[in-house]
Amino acid sequence: MSTQRVLVVDDEPKIRMTVRGYLEADGIHVIEAADGPSALQSVTRDRPDLVVLDVMLPGLDGFQVLRRIREASQIPVIMLTARDEEVDRLIGFTTGSDDYVTKPFSPRELALRVRAILRRTASGPEAAHEDDMLRFDGLTVDPETRTVLVGTDRTVELSALDFDLLFAMARAPGRVFTRRGLLTHVWGEDFFGDERVVDVHIRTLRRALGDDANAPRFVGTVRTIGYRFVGRPA
């Protein structure tokens with residue numbers, strides 16, 4: 001397997017140097033950028049496997065950079081934010097980030113999250129084959145092309161993590177998944193973070209699918225426990 005590459009985007013050289021040291025210790029090749037425009041150039045030029053992206057950047061802020069990335073790529077993105085506010089998390093996940101880390105952060109924890117996401121995106125939540133295409137009333141999920149079709153003609157753009165979340169649930173219709181179970185199944189066993197991240201991703205997934213939490217066609221809520229896929233097989 002070729003060496004995986006991670007782009008670290010932060011305007012503070014000390015932070016970039018620290019993150020670089022921890023990731024390189026895990027055998028990861030690190031690329032650096034100090035501002036928004038340079039980050040976008042690097043994504044196009046270097047084609048990293050994952051981006052660690054600070055929110056507060058000169059030129060273009062992290063959310064603007066993430067939106068530009070999502071116009072052309074589903075590369076995993078971990079956001080770094082110094083503002084521990086729910087609105088920042090929601091904006092980030094709505095735009096398509098896969099995870100967030102609040103400053104000040106543990107470089108080792110960040111490295112563990114990076115490694116977990118790289119493993120997940122390399123293999124998917126489960127080995128996917130052509131005959132694993134899932135068809136439901138109003139929804140088709142194709143793991144080989146990683147595409148989702150709502151109805152007969154609307155292709156839905158999902159982040160890599162949101163696709164894996166949908167695929168994991170849709171492979172087991174009716175099964176109740178706890179938040180911790182989904183974290184383990186989709187994010188990986190070594191995920192360190194708030195279980196509520198699942199709720200945020202479920203909201204963005206429902207929004208993308210046009211699903212109604214009060215009358216769900218695809219993703220239902222099991223109160224106090226978690227979620228289950230409620231789509232009807234086609």
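Some points to look at:
- Between F163, G220, P48, the Cα set farthest toward the positive side of the dipole of the chain (charges on each charged residue's Cβ, about the Cα centre) is that of G220.
- Given in Å, the Rg to one decimal and the Dmax to the nearest whole number for the Cα atoms of the chain are 17.6, 54.
- Listed values for segment 161-171 are Karplus-derived 3J(HN,Hα) couplings in whole Hz (6.51 cos²θ - 1.76 cosθ + 1.60, θ = phi - 60°), namely 6, 5, 4, 4, 5, 5, 4, 4, 6, 5, 6, and x replaces Gly and Pro.
- Given R0 = 41 Å, the distance between the Cβ atoms of E195 and T3 translates into a calculated FRET efficiency of 0.80.
- Each label was represented as a point 7 Å from its Cα along the Cα-to-Cβ direction; for S106 and D46 these points are 2.6 nm apart.
- Straightening the chain between D212 and R67 buys 49.7 nm, computed as 0.36 nm per residue apart minus the Cα-Cα spacing.
- Counting charges near D54 (Lys, Arg +1; Asp, Glu -1) among other residues having Cβ under 11 Å from its Cβ returns a value of -3.
- Ranking D194, D46, D153, D162 from most to least accessible surface, computed with a 1.4 Å probe over the protein chains only, gives D153, D194, D46, D162.
The values are calculated or read from the model by the stated rules, or taken from the named source; none is laboratory data. Being a predicted model, the structure only gives us computed values, none of them experimental. Because the Cβ atoms are built from the backbone with ideal geometry, glycine has one as well, and the counts that use them run over all protein chains shown. We work out accessible area using only protein heavy atoms, side chains counted, and drop any ligands, DNA or RNA first. Shrake-Rupley method; radii C 1.70, N 1.55, O 1.52, S 1.80 Å.
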